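All remarks here apply to the structure that follows.
The values are calculated or read from the model by the stated rules, or taken from the named source; none is laboratory data. Since we're looking at a predicted model, the values are computed, not measured. Backbone-built Cβ (ideal geometry, glycine too); neighbour counts: all protein chains shown. In case anyone asks, the SASA skips ligands and DNA or RNA and just uses the protein heavy atoms, side chains included. Shrake-Rupley method; radii C 1.70, N 1.55, O 1.52, S 1.80 Å.
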Amino acid sequence: MNFFELQDQARQSTTKLVLLFTLAVLSLIVLTNLLVMFAFGYVNPQQLSMESFQQQFDWETFLLIGAAVLVTVLFGSLYKISSLSGSGAKVAEMMDAELIVDGSGDTSKQKVLNVVEEMAIASGTPVPPVYLLHEDSINAFAAGTSPSNAVIGVTRGTIEKLSRDELQGVIAHEFSHILNGDMRLNIRLIGILHGILILGLIGYYLLHIGGRSRNSRNGGGIVMLALGLVIIGYGGTFFGNIIKASVNRQREYLADASAVQFTRNPGGIAGALKRIGSDSMGSTLQNPNGAEISHALFGEGLKHSFTSLFATHPPLEKRIRSIEPNWDGKFEYQPVTKAQTSETTSPQDQRSKAAGLMAGAATVMNSEAFVDRIGQLNDAQINYAHQILNELPAEIKQAAHDPYAVRALIYFMVLDNEKEMRQQQLEYLASAADDGVYEETLKLVEKFPEMELTHRLPLLDIALSTLRQLSKRQYLLFKKNLNALVTMDAKIHLFEWTLQKILFHHLDIVYEVASPQESKQLSIEQTQQSSAVVISLLVHAGKQQGLSKAAVFALANEKLGNLDIELLSISEIKLEHVGTALDQLAQLAPLKKPLLLKACAKAIVADQQISAAEVELFRAIADLIDCPMPPLVN
């Protein structure tokens, strides 16, 4: 099952979730109505029979109470979803987690940061911030509504007790949730469960009020109603646990399988699961808010009386056997290691391999199998990411992790090559940038003549995580300055446009400048004009040696099913129109996006040649329609 099928399946799981939620709410409406009718004398329990009940039953009251329950539950659910939907950081903060900052000097923390960076660059997604939960158990989670605002949380026990390969297996499992659309489903689950449980919370509140007014006329009824709502609240817990278990378990198996596929190392994630089984703390969390995110954790975070019924995760034994069918059933801890091939590769060989990326990209893209690699990592991509991180100059790497220097790094990437224009841009920064940012930009200008092509997108992935540490005021100023630098020479180059689009696509959601767009499940036919704009841009961006541009456009259009579209002239293509087109194409149904990506690839490789800039542009287009494209390596 590939990325697009898993995205489609996540949406089907959301439909299942809505159905289960509806059934739970209907049950709560019936129970609450019965409670109110008995508590306030609408039904006389001393003369209770089916005939008398029907005579005493008041449909008007039933509908009124039903509407009140529905509004209360919906409000509670929507409020919780809204409070957590801005960023996965809100979930981490709810768990009292600490943001891990690069360069802290703690080797265990640095180990997990390195693994997360490698996995993100290999998958073509922004590097998510990593949070530390101060728990001795072994557990982790991914939270957010999209890769743009995702975070990864790990317990202290995870980074201290697991080997690097076992940690990589756990992180790969969490990246599977990020790539497969599970995070948004998890946020909705948290909200829905909160809405179901809110009646119980109201019951506790009424019990407090009723206890003070028990001598009043309705005091006894209020106390009875409160006790009933508390009981219904426990019923809500029952429904909630059933919903979590039914929605979550199969996706945990899928995430385990994806982790094995990503790392090509079954022993990594299997070793982590065995370590949980042998550890005295296991994967249980002590944080009282752990119950809310239990379904989003790597391992079972709670202890259940009825484990098989309420468990949000399959049993450890079943998870391990699905990875290692011949496992002997013993949770003996034996650290698992796998040699990193890149560790024994010389820096020169690493650089040659990275540069060879573009030489082999045409072959990869011509096969069309590359589309199936979206959201599916392999050893080559992870090793490539490892090599890129190793060969990054220390100053550049350090700048990408520092909230002041990262802004300077982005400014440096868009500075004009022409001396006078560059000086004008630097003078602008001297007066407009935050304190210290201009000085950091000058350091980079003096140290490095230009940025290597193979470093640009990986650095953007790292920078996105660091830029999320800015305040909203700092971000808005950064955005204003970047736009000013790009437009200062009255010419917008494709790379500058690409950089702007990627940065603002991911960061505007985090800073709530823009809201994540819900998929409208559009068909290719509904996006004809947008498809024509993007394909025409790619045709004009390449040299197309030996073929006319019209012929290349026609070949690309074949991949779209020969839509009624024509090649647009270069004068008709404005970059702002391209941005609008990509926004609409992001609304394509998941199973339709591969058609567009294959058409884009055909527009690039029709002449059997491909440049670094074309690969960069193609990966940017994939990213902007929410299809994270891994590096094109075999």
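Structure data summary
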| quantity | calculated |
| --- | --- |
| Residue among 207, 197, 225 that is assigned to a helix (DSSP H, G or I), over 20 Å from the mean Cα position of the chain (by Cα) and at pLDDT 75 or above | 197 |
| Residues that are more than 14 Å from the chain's Cα centre (by Cα) and not in a loop (DSSP other than H, G, I, E, B), drawn from the range 122-143 | 122, 131, 132, 133, 140 |
| Filtered residue count, the range 230-273, keeping only those that are assigned to a helix (DSSP H, G or I) and open to solvent by less than 40 Å² (accessible area, probe 1.4 Å) | 28 |
| Count - residues of the range 482-534 that are of a type in the set (D, E, K, R), within 29 Å of residue 571 (Cα to Cα) and touching a residue at least 12 places away in the same chain (Cβ under 8 Å) | 4 |
| Filter result (among the small types (Gly, Ala, Ser) and at pLDDT 75 or above) within the range 16-69 | 24, 27, 66, 67, 68 |
| Helices (runs of 4 or more DSSP H) completely within the range 436-554 that count 3 or more residues being exposed (fewer than 14 other Cβ atoms within 10 Å of the Cβ) | 472-487 |
| Residue in the range 78-86 that is buried (at least 23 other Cβ atoms within 10 Å of the Cβ) and at pLDDT 85 or above present | no |
| Hits in the range 555-570 - residues which are open to solvent by 80 Å² or more (accessible area, probe 1.4 Å) and either of a type outside the set (A, V, I, L, M) or not in a helix (DSSP H, G or I) (or both) | 558, 562, 564, 566 |
| Residues satisfying the stated conditions in the range 259-283, i.e. among the basic types (Lys, Arg) and at pLDDT 90 or above | 274, 275 |
| Residue within the range 337-359 that is crowded, with 22+ Cβ neighbours inside 10 Å, out of contact with any Cys (no Cβ under 7 Å at 6 or more places or on another chain) and either acidic (Asp, Glu) or at pLDDT below 85 (or both) present | no |
| Given (1) under 26 Å from the mean Cα position of the chain (by Cα); (2) under 26 Å from residue 500 (Cα atoms), number of the condition residue 591 does not satisfy | (2) |
| Residue within the range 581-590 that is out of contact with any strand residue (DSSP E or B) (no Cβ under 7 Å at 6 or more places or on another chain) and assigned to a loop (DSSP other than H, G, I, E, B) present | yes |
| Residue within the range 404-414 that is touching a residue at least 40 places away in the same chain (Cβ under 8 Å) and open to solvent by 30 Å² or more (accessible area, probe 1.4 Å) present | no |
| Where residue 399 falls short, out of the listed (1) in a helix (DSSP H, G or I); (2) at pLDDT 70 or above; (3) among the hydrophobic types (A, V, I, L, M, F, W, C); (4) open to solvent by 20 Å² or more (accessible area, probe 1.4 Å) | (4) |
| Residue match in the range 138-161 (condition: of a type in the set (A, V, I, L, M), in contact (Cβ under 8 Å) with a residue 40 or more places away in the chain and surrounded by fewer than 24 Cβ atoms within 10 Å (Cβ to Cβ)) | no |
| Failed item in (1) under 12 Å from residue 539 (Cβ atoms); (2) surrounded by 17 or more Cβ atoms within 10 Å (Cβ to Cβ), with residue 615 passing the rest | (1) |
